Amino acid sequence: MRRKSLKYALFMQGGVLLLLFLLQFFLPAYHHSSFSKIMILASYAIGYNFLLGYTGLMSLGHAMFFASGMYSAGLSIFYFGFTPLEGMIFGTLFTLTVSLIFGLFALRTKAVSFLIVTLMFGQTFYLAILYYNEFTYGQDGFSLTDYLGTLSILGKEYLYSDPAIRYNFALILLASYLLITTLIVLSPVGRILIAIRENEPRTQLLGYNVFSYKLFALTFSGTLAGISGAMHALLYSYIGTTFAEIHHSISPLLWTLLGGAGTIIGPLLGTGIMFYLIDFISGITSNYLLVVGVVLVLTIIWFPLGIMGTIRQKWLKWLP
C-alpha cells in the first residue's frame, strides 16, 4: 500500500513539476515572475503543512523561521562577505538551531497554549529586528544587489535576479521540498507523526517518544521555512521586516487550509489561488481583503477539508 501511495505521489509531483518547467517558455513576463514568487512561497507552505497537516501542530510564529533564514543569509553576505552559497548554508544552519531551541520550549505546551507561545516568539523576533535597527536596518530593510555578484553557468554569467534564474531556482526548491516531504510522510516516521496527529495519547501508550517526534517535525518544518526565506533573499535581493510580521505567519496557514492540509499538492494549489485572487481583487477595489475573506469562507464551506482534501475524500481516494 505504501509503495502504491509513493507511486501515485511521485507520478503526480512529476506531472506538476514538468508542467511548471514547460510553462516558463510560454508565460508572459508578468506571470513568469508571479510563478517564481508562488513557487518560493509554496515551498514555505509545504514546510508549514508538514507541521500542521501531518503532525497536527498549528503555529502562528512561522514567519520567525522564514525571516531567520532570510536575515541570517542576508546579513552574512552583507556584513561578512559570504558567497551566496555560504549564505544559504549559514542561513540553513542558523534556522535549524533556532527551530530546535524554539521547539524545546514551545512543545512543553499544547493546543491553544502552543498557538499562543508560537505567536509570542514570532512577535519577539519581529520586535528584536526593529530594536537592533542599526544592524538590521529596521523597517527600511536593505538590499543585496551589490553583494551577490553573478552566477556562472556553462561559461555564461547570470545575475541572481535574472528571470530564468529565479524561476528555475524556485522550481528546484519546490521540487526538492515535494520529494523530501513525500518520502518522510510515507516512511515509518511519517506514519508515527500522523498517528500523533490522530491520537497522541494512544501513540504515547504504544511506547513512542511523542515529544521527540514532535520536536523533529517542528525543527524540520522550521528549517524548510528558513531555507525558503534564504532563497527569497538571494533571488529578490531584499531583506525587510515585512517577512517577519504576523501576517506572514498567517499566510502559510491560509494557503495550507485552502489547498488541503495533509495533502502533497494542496499547499502549492492554495498558494497559487490566494496569490492570484489577491492580485486580481486588489486591482479592482482597495477593500480587497474583505472580498478575499468572503471568497475564503465560501471555499471552506464547499471544501471543508481544503480543495485537494475534499476532492480526495469525495471522489479521488488515491490522491496523496
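Values in this text are rule-based calculations from the coordinates and carry no lab data. In this text, all values refer to a predicted model and were calculated from it rather than measured experimentally.
Summary table
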item	result
Normalised per residue, the volume of the convex hull around the Cα set of region 26-138 (Å³)	138
Rounded Å value of the spacing that divides the Cα centres of region 277-320 and region 148-204	24
Karplus-derived 3J(HN,Hα), 6.51/-1.76/1.60, for each residue of region 47-53, Hz, glycine and proline x	x, 5, 4, 4, 7, 7, x
Ser161 long-range amide H proximity, modeled H, under 5 Å	none
